[in-house]
Amino acid sequence: MPELPEMEAWRRALDDPVRAFPVEKAGPAHVATLKTFDPPLAALEGRRLKGAERRGKRLLFPTDDDELVLLVHLMTAGRLRYLRPGEKGPKSPAFRLRFQDGAELVLTEAGSKKRAGVWLLTPEQADAELAHLGPEALGLGAGRLAEILRADSRRLHSLLRDQRAIAGIGRAWANEILHHAKLSPFALSTQLEPDEVERLAEAIDSELARGLELRERGAGDKQVYRVHKRLGEPCYVCGTPLARVDYEEHTVYYCSRCQTGGRVLKDRRLSRLLK
Ligand SMILES: [Zn+2]
């Protein structure tokens, strides 16, 4: 799933192109992709977008008259493409926005499950839609992070992924951040020492910034992720083969030497079943 670095790279790339020309045609949209019907998509036609904004993993495209906001959430399999005038695109995208110069913004989604979403909202509706999100992960800082960790006793991997607590981190960047911070994915948020909180805050910033810089240069997953999906490959810090454990609906990657004091973690789904 695209997370903060991926979506922020997209936002920066789209900010100028989407405001160059007014919208000529909004839609069609797959029935499962378009989550709203009032205001209708056609209300975008003839209006100009103000640019691209981002909140957590969502992109927002407000109109320059401040009356409407197009909100896009790619979920796991959604992908955005910006097609220059005349450039060939997918035949039946999940959503399409055509500009007056002929350029298009298209959303595609692999697989039969349509989970990515497009919302057309008033600014008030958009605020309500985003109200549950926690503060942005990038630039959070140790003070604010300490409050979030104290507020709820949770496993770190799970807490970092919770958009209500912190917005923008998913399973891939949770793996990268916790490895960089040398913290166990299953450490309890309320049991961290002050220096561990500092390390975690620093890791959130430096890893997300590293990801953003690489994504802006067009780097793929293999270049960006150093821990995520690298089972058995040597840890980039100590050389120990990286380990993997299934937890909740996710797979967690970690280094047993750097993060868990040499302990190999048991599969938590399996151990629950065996109790
Ligand atoms: Zn290591």
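The values are calculated or read from the model by the stated rules, or taken from the named source; none is laboratory data. Just so you know, these numbers come straight off a predicted model, no measurement behind them. Neighbour counts are summed over all protein chains in view; Cβ atoms, including those assigned to glycine, are modelled from backbone coordinates with ideal geometry. Areas reflect the complete protein model, heavy atoms only, side chains present, ligands, DNA and RNA absent. Shrake-Rupley method; radii C 1.70, N 1.55, O 1.52, S 1.80 Å.
Using the crude model of +1 on Lys and Arg Cβ and -1 on Asp and Glu Cβ, and no other charge, please compute the dipole size for the range 161-216 relative to its Cα centre, in debye to 20.
On the way: 7 positive and 11 negative charges, 66 e Å.
Once rounded to the nearest 20, the dipole reads 320 debye.
Mind grabbing the accessible area of Ser206 for me, 1.4 Å probe, Å², rounded to tens?
Answer for Ser206: close to 40 Å² accessible.
What is the magnitude of the charge dipole of the range 90-211 about its Cα centre, with +1 placed on the Cβ of each Lys and Arg, -1 on the Cβ of each Asp and Glu, and no other charges, expressed in debye to the nearest 20?
Working: 16 positive and 18 negative charges, 146 e Å.
Charge dipole, the range 90-211, about its Cα centre: 700 debye, nearest 20.
Keeping every protein chain present and rolling a 1.4 Å probe, give me the accessible area per residue for the chain in Å². It would help to have the intermediate numbers written out before the result.
On the way: 13310 Å² over 275 residues.
Dividing the accessible area of the chain by its residue count gives 48 Å².
Taking every pair of Cα atoms in the range 60-210, average 1/r, invert it to obtain the Kirkwood radius, and report Rg/Rh to two decimals. Write down the numbers at each step before the final one.
Working: Rg = 19.0 Å, Rh = 17.7 Å.
My calculation of the ratio gives 1.07.
List the relative contact order of the chain as a percent without decimals, with contacts defined as Cα pairs under 8 Å and 6+ residues apart. Walk me through the numbers before you get to the answer.
On the way: 515 pairs, mean separation 43.8, N = 275.
This gives 16 percent for the chain.
Classify the range 1-124 as rounded, prolate or oblate from the Cα gyration tensor: take a ≥ b ≥ c as the square roots of its eigenvalues, call it rounded if a/c is under 1.5, otherwise prolate when a/b beats b/c and oblate if not.
Numbers: a/c = 1.20, a/b = 1.16, b/c = 1.04.
Here the range 1-124 falls in the rounded category.
Could you tell me which GluC sites (Glu not before Pro) in the range 195-275 are loop residues by DSSP with no more than 13 other beta carbons within 10 angstrom of their beta carbon? Don't skip to the answer; put the middle values down first.
Values: sites: Glu196, Glu198, Glu202, Glu207, Glu213, Glu216, Glu248, Glu249; in loops: Glu248, Glu249.
Here the GluC sites (Glu not before Pro) that fit, given the DSSP loop and packing criteria, are Glu248, Glu249.
Reachable lysines from Lys222, Cα under 25 Å, same-chain residues fewer than 8 places away excluded?
The reachable lysines, counting only those whose Cα sits under 25 Å from Lys222, are Lys57, Lys182.
So what is the 222 nm mean residue ellipticity for the chain from helices alone, if each DSSP H run of at least 4 adds -39500 (n - 2.57) and you divide by all residues, rounding to the nearest 500 deg cm²/dmol?
Details: 8 runs with 79 residues, N = 275.
Per the formula, -8500 deg cm²/dmol.
Using a 1.4 Å probe over the heavy atoms of the protein chains, calculate the carbon and sulfur portion of the accessible area of the chain as a whole percent. Can you show the working numbers first?
On the way: 6570 of 13310 Å².
Carbon-and-sulfur percentage of accessible area, whole number: 49.
Assign unit charges at the C-beta atoms only (+1 for Lys and Arg, -1 for Asp and Glu), then state the dipole size of the chain relative to its Cα centre in Debye, rounded to the nearest 20.
Dipole magnitude for the chain comes out near 1340 debye.
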